[in-house]
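Heads up: the structure comes next, in structure tokens.
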Amino acid sequence: MEFFEFLNTAVTPYHTVDALKSYFRENSFANFDCGSALEPGKAYFVCRGASIIAFRTPKAWSEASKFRIALAHTDFPTLKISPNPDGMNAGVCTLHTEVYGSPLYTSWLDRDLGYAGMLAYVDAADGQTLKTKLFRGEKLFRIPQLAVHLNRGVNQDGLKVNPQIDFNALWAGASNCSASENRKNLFVKALEKELPAEARLIDFDVQLFDAQPANRGGFNDEWIYSGRLDNLSSCHAIAEAIVGAKSAENDCLVACFFNNEEVGSTTREGAAGNFLKSVLDSIASLQNDCHPGVREHDRAQAPLSSTLAESIALSIDMAHAEHPNHTEKYEPNHAPLLGKGIVLKTNAQKRYASDLMSSAQLRLLCEKAGIPLQVFITRNDMPCGSTVGPTVSANLGIPTVDIGEPMLSMHSIREMMAASDHADMIKLVEALFC
Ligand SMILES: [Zn+2]
């Protein structure tokens, strides 16, 4: 899957999953319906909302069978169009938005903003059966800054953004909207144009996104500039590796892409939900089918919990590279550099899942694959971020290590990273699945 095409296509978590699903389908992964039988040595995927799990079953289960798992998230900080968004001010139709996750506020101003998401609707003839439609609007919206002349001191004091006041998006000139139209439903009317004729919109989940395509940057084209690198970059690396892998003799290879990491993961489709556990349960039941001629008590059945305890998960999410203008923000001996390889993230307060043995396994894997490794810890006087790693590791008992590609401008509408680090990450996940 071409990386930039993926970055430009995956503008909401729904689009991320749609792109991954198409990629898996094209590469002969079968759609797995939890409850149906699995075959050994085959590739499957299963979706729940804007999350997707792809896996390759082993050729045969043995007592030594394990799971080798890679985890990433499909969502990113954004502004969501609120349920009743319409406003009109100063001759302009505006949309109220709600903040999702922790975007870097100032980066959303003066950008060309697209809008996209999922629509729930009913056909006119039926009127009852809910259907969904993935859509991406073709127009560009904007959230303009106040001019410096009207905000004297902004360059000295810094720009303070109040998300309730400043995040109304300008989407249409009011003179273009007929006076007879219900001003409370202007945006819904616009969304209905995306539906089949006569369909009625019932609800929507729509967000804004940076409409500028991904670009190469740096004098030697060594960097990548794009929206949503956190965490589409990791999703892409995992997808490339699981598609390129072959089924292992005894181990099951699992690639997980979870929605809602940016808001804490405790949702039906998030990493704290039961999605992964239910898929692993289904896979584990395959071990019975692999030994059909053997009597129940003779089967080599390790309980799922002990299989998981012997397994390994790489929790892959972006890492902070050292900022050349702000080196004081980093722990001097643990400041990863752009273009210098994969980052192992550890934290004594356990905001990351990495522990002694999972970190040691990662170090060996990197050594074996010839991949450079850097270590990140935060300064003791600064709080640490987190990932899906601790959640999955604590809930399922899987030894997990938190890793990532170093980047700058994390959570900005436009982020940057080094192309070589992405190539290293693909190589690392390939080594996990090899
Ligand atoms: Zn992330």
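Annotations
- Count - residues of the stretch 372-421 that are assigned to a loop (DSSP other than H, G, I, E, B) and more than 14 Å from the ligand (Cβ to nearest atom): 13
- Unmet criterion (only one of (1) crowded, with 23+ Cβ neighbours inside 10 Å; (2) charged (D, E, K, R); (3) away from the ligand (no atom under 16 Å from the Cβ)) for Lys193: (1)
- Test result for Pro58, modelled with pLDDT of 95 or more and more than 23 Å from the chain's Cα centre (by Cα): no
- Scanning the stretch 264-285 for residues that are part of a loop (DSSP other than H, G, I, E, B) and within 16 Å of Gly389 (Cβ to Cβ) turns up Gly264, Ser265, Thr266, Gly270, Ala271, Ala272, Gly273.
- Restricted to helices (runs of 4 or more DSSP H) entirely inside the stretch 84-192, those with at least 2 residues that are hydrophobic (A, V, I, L, M, F, W, C) are 186-192.
- Within the stretch 332-346, the set of residues being in a loop (DSSP other than H, G, I, E, B), in contact with a Phe, Trp or Tyr (Cβ under 9 Å, 6 or more places away or on another chain) and either closer than 19 Å to Ala313 by Cα or among the small types (Gly, Ala, Ser) (or both) comprises Ala335, Gly339, Thr346.
- Just one of the numbered conditions (1) in contact with a Ser or Thr (Cβ under 8 Å, 6 or more places away or on another chain); (2) at pLDDT 95 or above; (3) farther than 22 Å from Asp317 by Cα is not true of Ala211: (1).
- Candidate set from the stretch 59-92 (those that are within 16 Å of the ligand (Cβ to nearest atom) and under 30 Å from Ile143 (Cβ atoms)); member that is surrounded by the fewest Cβ atoms within 10 Å (Cβ to Cβ): Pro77
- Among the conditions (1) surrounded by 18 or more Cβ atoms within 10 Å (Cβ to Cβ); (2) within 19 Å of the chain's Cα centre (by Cα); (3) not β-branched (Val, Ile, Thr), the only one that Tyr105 does not satisfy is (2).
- Scanning the stretch 237-267 for residues that are among the charged types (D, E, K, R), in contact with a strand residue (DSSP E or B) (Cβ under 7 Å, 6 or more places away or on another chain) and more than 16 Å from the ligand (Cβ to nearest atom) turns up just one, Asp251.
- Filter result for Arg351 (of a type in the set (Lys, Arg) and farther than 20 Å from Ala272 by Cα): no
- Which listed residue, of Lys131, Lys160, is within 30 Å of Lys21 (Cβ to Cβ) and basic (Lys, Arg): Lys131
- Selection of the stretch 202-227 for residues being assigned to a loop (DSSP other than H, G, I, E, B) and under 17 Å from the mean Cα position of the chain (by Cα) yields Ala214, Gly227.
- Selection status of Thr387, of a type outside the set (Phe, Trp, Tyr), within 30 Å of Ala211 (Cα to Cα) and in the same structural domain as Gly339 (by TED's automatic domain parsing): yes
- Check on Asp230, assigned to a strand (DSSP E or B), among the acidic types (Asp, Glu) and in contact (Cβ under 8 Å) with a residue 40 or more places away in the chain: no
- If the condition is being more than 13 Å from the chain's Cα centre (by Cα) and part of a helix (DSSP H, G or I), then the stretch 244-263 contributes only Gly244.
The values are calculated or read from the model by the stated rules, or taken from the named source; none is laboratory data. What you see is a predicted model, and the numbers here were worked out from it, not measured in a lab. Note that each Cβ is placed from the backbone with ideal geometry, even for glycine, and that neighbours are counted across all protein chains shown.
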